[in-house]
Every structure is written in C-alpha cells, then in structure tokens.
Amino acid sequence: MELTPQAVEAALKEGAFLRALVMAFRLNEKEITQAVYGAVPHRDIKLVVRQLPTMYVPKLLAIAAELLEKGPRLEFGLLWIREALMVHGRWIRERTVELASVLRQVNRALVLYEETVLKLWVLRFSHAHKMLTRRSRRCNENTATLSYIIDQSKRREAETDRMQVE
C-alpha cells in the first residue's frame, strides 16, 4: 500500500474511510487528516471508530477536539468524541496519564462547547422573556381597556334603567 496524499484521496473516493483515516494519521499532515475526518459520513463514524486501531485513538481525539473548538460542525465533533470514548474508553482509562494532554484538550473543547450553548440559551431565554413581558403588558392594557368598556356599558345601562323608572 502506497502512502501518499493521492492514495488517501483514492481511499476516500472508494469509501474506505478507515483506511483513508489511518493513512492520513500515518502521513501526519494536518490538512489531509482534517479533510479525511470531515469526509466521513455521520452514519459511518461508529464503524470507523470501532475498527480504528487503538494507537490512533489519541490522534483522533486530538483532531476531534481541535475541530470542535474551531469549527461549526459541533454535532459531528461530539459524535466522534462520544464514539471514541464509548468504544475505546477502557483503553483510554488504562492510559490516562499518557493521554492526559489529549484528554485535557477534549475537556477544553467540551467546556467551550458547553459555554457556547449556555450563552445561546441565555440569549434566547432573555429574548423570550422580553417578548413575554411585552405581551403581558399588552394583555394587561387590553384587559384594562375591556374592563373600562364593560364598566362604561354597565354605567350607561344603569342610567338608562334609572331614567326609565323615573
């Protein structure tokens, strides 16, 4: 098997995602590795991670964490990380000290993701709260207006009834 960027590209075109990923890791070229990582379809991530030799798990976690921090494909990165931890969790746990820097990188990416989601939630919630407050004010104004109209109507009816009695 030839180990060139063209061979990686050919493996991708064939749909041999695991082979392409391993070759990209062996080439150790960031752009190629990121391209292969991003080219794997969602439905194939689980299979690729299951068949990935454990020696490449740290590289996979590192690239997933890096792209999770930078990229817009949050769900994609989370899927890679989840599958890697689920499938290779025992192996990772046994080598926690050796993998400490990669695990810190994954943790940092996940914390950043969590903070981003929290900020979005707060912004959305505060916007929704403002909208509800405005609607509540309008409802209160409408209720007050309706109460006034009803009171005026009752007053007129009472005056009409009084005039008819006299």
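The values are calculated or read from the model by the stated rules, or taken from the named source; none is laboratory data. In this text the structure is predicted, and so the values were computed from the model without any measurement. Backbone-built Cβ (ideal geometry, glycine too); neighbour counts: all protein chains shown.
Structure summary
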{"read-out": "Criterion: of a type in the set (S, T, Y) and more than 25 Å from V8 (Cβ to Cβ) - qualifying residue of T54, T96, T33", "value": "T96"}
{"read-out": "Any pair with Cβ under 8 angstrom, 6 or more apart, that starts in the stretch 51-63 at a residue that is β-branched (V, I, T) and ends at one that is crowded, with 18+ Cβ neighbours inside 10 Å", "value": "T54/H88; V57/A84; V57/H88; V57/I92; I63/T33; I63/Y37"}
{"read-out": "Residue list for the stretch 68-80, filter: crowded, with 20+ Cβ neighbours inside 10 Å and modelled with pLDDT of 90 or more", "value": "W80"}
{"read-out": "Count - residues of the stretch 69-91 that are within 20 Å of P53 (Cβ to Cβ) and touching a Ser or Thr at 6+ places or on another chain (Cβ under 9 Å)", "value": "2"}
{"read-out": "Close pairs (6 angstrom Cβ cut-off, 6 or more residues apart or separate chains): within 13 Å of V57 (Cα to Cα) in the stretch 10-26, among the basic types (K, R) anywhere", "value": "F25/K59"}
{"read-out": "All positions within the stretch 15-50 that are in a loop (DSSP other than H, G, I, E, B) and of a type in the set (A, V, I, L, M)", "value": "A16, V40"}
